[in-house]
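Notes for the one structure printed next.
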Amino acid sequence: MIRHRLLACALALILPWSAQANPALQAVIDANLDQIERPSRQTVGPLVDQIAATGPEGLAMLQAWADRSLGLTETGQVLIMDDDAATDAVTGDAVAGADPRMLRPNSGVRGVIEAALAAGALTDPDPARRAAALQSLERGAAPDQLPLLRAALDDPDPVLAARKARLERLLTIQHDPTAPPAWPPSRNLPATWASISAPP
């Protein structure tokens, strides 16, 4: 870990300060700095989607934001903090001597961020991450996450496939009652599918 941080510091000295590893993320930050500072659960969803769409750097920024480990400098630089170590969210470079103001999103905003991260992890190769993502959605999913769940229904794990299908049915009833459920997604569903999908 220490060796990795030293390497990051060395790269930060070599690269120009204006280098942008992810200009799309920088553009989103610049256009939405006020909302990043003072987010609202009712309006933060589209911003979260924009950040997630910028790639790995955006996803790392969202995770830090949800974990309350995201900081903002007086110049508008967004930093991911790990104890005293600071990393530029856009470039991935280490930032020495940083003293940012930490951002503290409320539970509602964190829920929106975590749900978005969970939706993206539904197709992760690691079944443990898929299970954790599904559990997060089961605790509370937004209507706009229903298409993401439907796209991830075909799971190689039959137990997870059944859970996804059941959740898709419930969310369809809640948020899209006129649409037919997208289940069953594949032949991977276990024999217990009938008990899960049968009407009450």
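The values are calculated or read from the model by the stated rules, or taken from the named source; none is laboratory data. Since the model is a prediction, treat every value here as computed from it, not as a measurement. When we count neighbours, we look across all protein chains shown, and the Cβ atoms used for this are built from the backbone with ideal geometry, even at glycine.
All of (1) among the β-branched types (V, I, T); (2) surrounded by fewer than 22 Cβ atoms within 10 Å (Cβ to Cβ); (3) touching a Pro at 6+ places or on another chain (Cβ under 9 Å) hold for T123 with one exception: (3). Within the option set V109, V48, V90, being buried (at least 21 other Cβ atoms within 10 Å of the Cβ) and out of contact with any Leu (no Cβ under 7 Å at 6 or more places or on another chain) holds for one residue only, V109.
Scanning region 58-107 for residues that are β-branched (V, I, T) and within 19 Å of the chain's Cα centre (by Cα) turns up V78, I80, T87, V90, T91. Of the helices (runs of 4 or more DSSP H) lying entirely inside region 1-57, not one carries at least 2 residues that are within 15 Å of the chain's Cα centre (by Cα), under 27 Å from A121 (Cα atoms) and modelled with pLDDT under 85.
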